[in-house]
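*Asks:* Please read through the structure below; I'll follow up with questions.
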Amino acid sequence: MGEEREWVERPLVGTETVSPEDWSARGKALRAEAPTSAHDHAAAGEGRPSVAEFFAQSNEGRLPELVELRRERMLASPFTFYRGAAGLMAADLAGSPASGLTAQLCGDAHAANFGLYGTPEGQIVMDINDFDESVPGPWEWDLKRLAASLVLAGREGGIGESGCREAAEDAVKSYRRTIRGLAELPFLRSWNALPDASVLSKVRAHDLIDDFEEAAEKARKNTSAKVTAKWTRRIDDHETGLERHRFVEDPPVLTHVDDATAEAVVTGLVSYVDTLRESRRTLISRYRVSDVAFRVVGTGSVGLRSYVALLHGNSGEDLVLQVKQANPSALAPFLGLPAPEHEGRRIVEGARLVQAETDILLGWTTIDGVPYIVRQFRNLKGDIDPAELKKDHLDDYGRLAGALLARAHARSLHPRMLAGYFEDDEDLDEAIGAYAMRYADQTEADFEAFRAL
């Protein structure tokens, strides 16, 4: 037998070997550059555009005839205005204090962008569910956007200022605690953790149990079959002799498209198939397209080209896909990021990296030179409206959302490094809580300026 040779550990990717203790030490060292108290900073950035300039810029690439509808939806309240103003907040955060640690951002982590949906096995989970703005950036941007949105949600729901601030601070506290917990877990276990109903107990959000169950019950009924029953009518296809469905118009939300547009969308769906993983290409190839319509969606997304495609499957099975225009991220200009090869691919890859369980039919395509994402329109989706929650429930919602955001960031940012930066420092909770209150005030002022346009 030969002599036992000395083995030196080495990474599978890269050349630098870093121990868990080294990751923590590196994170701790960053506090000298950006102490946690620095996150309590001014709300308005020096280079922010006026509200009128922001709205005009954010309408670029949208359908002009839907701009007024977008304005109407944003005028509902400061909270809904905030939903459509991710770019304005990015302008305010540009140049703000940051630790230097980069995560794959949701990009628009306001409280209403956390929702319920179904896994391929039919399990209901709750996670971030909007990635239109997803880019790599400072983790602080997502957390500050979440905290400010909780304050605005609480004010809309009639909760006092102390309750609003408590919800914001608890979101930050839950974020810190979750990062610390993930830093200690085996990598595979932390990566595959599913945010199902059990997460409510882990983050001490017991008051939300009834809200979660009610939303989950509605989500289980939110299927393509329900969409078909509500939005379509049956017709006889004389060419094939088969019965199929066609969308029924409901202007301005749901409208028919001309034959050329429908054909372009179908052609785009053909190329979309190649962006799916191999086994899923086989799955989607078994469906046939029955109809295509235009459907207005969301608040911030109003004005983007968005279609729904009705597909027939096995024995009366229906599947509805959403084909939605992918605009450039509103955050990218303020982070100095180069334009991606395909905006739809940017969104899809961001979602695949951040979400615990991603829609198995999520992909991207190009239609008439415009990038799109494609996904299931109804995938057992549901939500808890944070603006309708009472004080104790909003506080619990903040802890839940903070934990979900931490789990999302830990997929792209080493949790030990971020945990080292926190080092059990509760000052961050108060710093971002104070900033959230100040930014909510700024948003309300922006909303009044928007209303006066």
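Where a number appears in this text, it was derived from the coordinates with a stated rule and is not lab data. Because the structure is predicted, anything quoted here is derived from the model rather than measured. Cβ: placed from backbone, ideal geometry, glycine included. Neighbour counts: every protein chain shown.
*Asks:* Specify which residue in the list GLY433, TYR287, VAL253 is farthest towards the positive end of the charge dipole of the chain, using unit charges on the beta carbon of Lys, Arg (+1) and Asp, Glu (-1), about the Cα centre.
*Replies:* Farthest towards the positive end: TYR287.
*Asks:* Still on this structure: Given R₀ = 22 Å, FRET efficiency for LEU337-GLU46 by Cβ-Cβ distance, to 0.05?
*Replies:* Plugging the Cβ-Cβ distance into 1/(1 + (r/R0)^6) gives 0.60.
*Asks:* Over 19 Å, how big is the tail of the calculated P(r) for the stretch 1-75, in percent of all Cα pairs?
*Replies:* Tail of the P(r) past 19 Å holds 70 percent of the pairs.
*Asks:* Need one number: nm distance between label points at ALA25 and LEU453, each 7 Å from Cα along Cα→Cβ, rounded to one decimal.
*Replies:* 5.3
*Asks:* Tell me which lysines have Cα within less than 16 Å of LYS173's Cα, excluding those fewer than 8 residues away on the same chain?
*Replies:* Filter leaves LYS144, LYS202.
*Asks:* Charges at C-beta only: +1 for Lys and Arg, -1 for Asp and Glu. How large is the resulting dipole of the stretch 171-301 about its Cα centre, in Debye rounded to 20?
*Replies:* 840
*Asks:* Oh, and also: At R0 = 35 Å, how high is the FRET efficiency between LEU353 and ARG5 if r is their beta carbon distance? Nearest 0.05 is fine.
*Replies:* For LEU353 and ARG5, the calculated efficiency is 0.35.
*Asks:* Compute the signed sum of charges (Lys and Arg +1, Asp and Glu -1) over the other residues within less than 10 Å, Cβ to Cβ, of PRO20. Walk me through the intermediate numbers first.
*Replies:* Values: positive: ARG416; negative: GLU21, ASP22, GLU184.
Charge balance near PRO20 sits at -2.
*Asks:* In whole Å, what is the distance between the alpha-carbon centres of the stretch 14-68 and the stretch 356-383?
*Replies:* Rounded to whole Å, the Cα centres lie 26 Å apart.
*Asks:* Could you check the simple spin-label distance between THR282 and GLU317, using points 7 Å along Cα→Cβ, in nm with one decimal?
*Replies:* According to this spin-label approximation, the distance is 1.4 nm.
*Asks:* Considering the dipole of the chain built from charges on the beta carbon (Lys and Arg +1, Asp and Glu -1) around the Cα centre, which of SER99, ALA42, LEU276 is farthest to its positive end?
*Replies:* The Cα lying farthest towards the positive end belongs to LEU276.
*Asks:* Work out the length of the dipole vector of the chain about its Cα centre, built from +1 on the beta-carbon of each Lys and Arg and -1 on the beta-carbon of each Asp and Glu, and round it to the nearest 20 debye.
*Replies:* 800
*Asks:* Contour minus end-to-end for GLU161 and GLU263, with contour as 0.36 nm per residue of separation and end-to-end as the Cα-Cα distance?
*Replies:* Value of the extension gain: 31.4 nm.
*Asks:* Now for a different question. Within 10 Å, count the other beta carbons around each residue, average over each peptide in 74-80, 415-421, and list them highest first.
*Replies:* Order by mean packing, descending: 415-421, 74-80.
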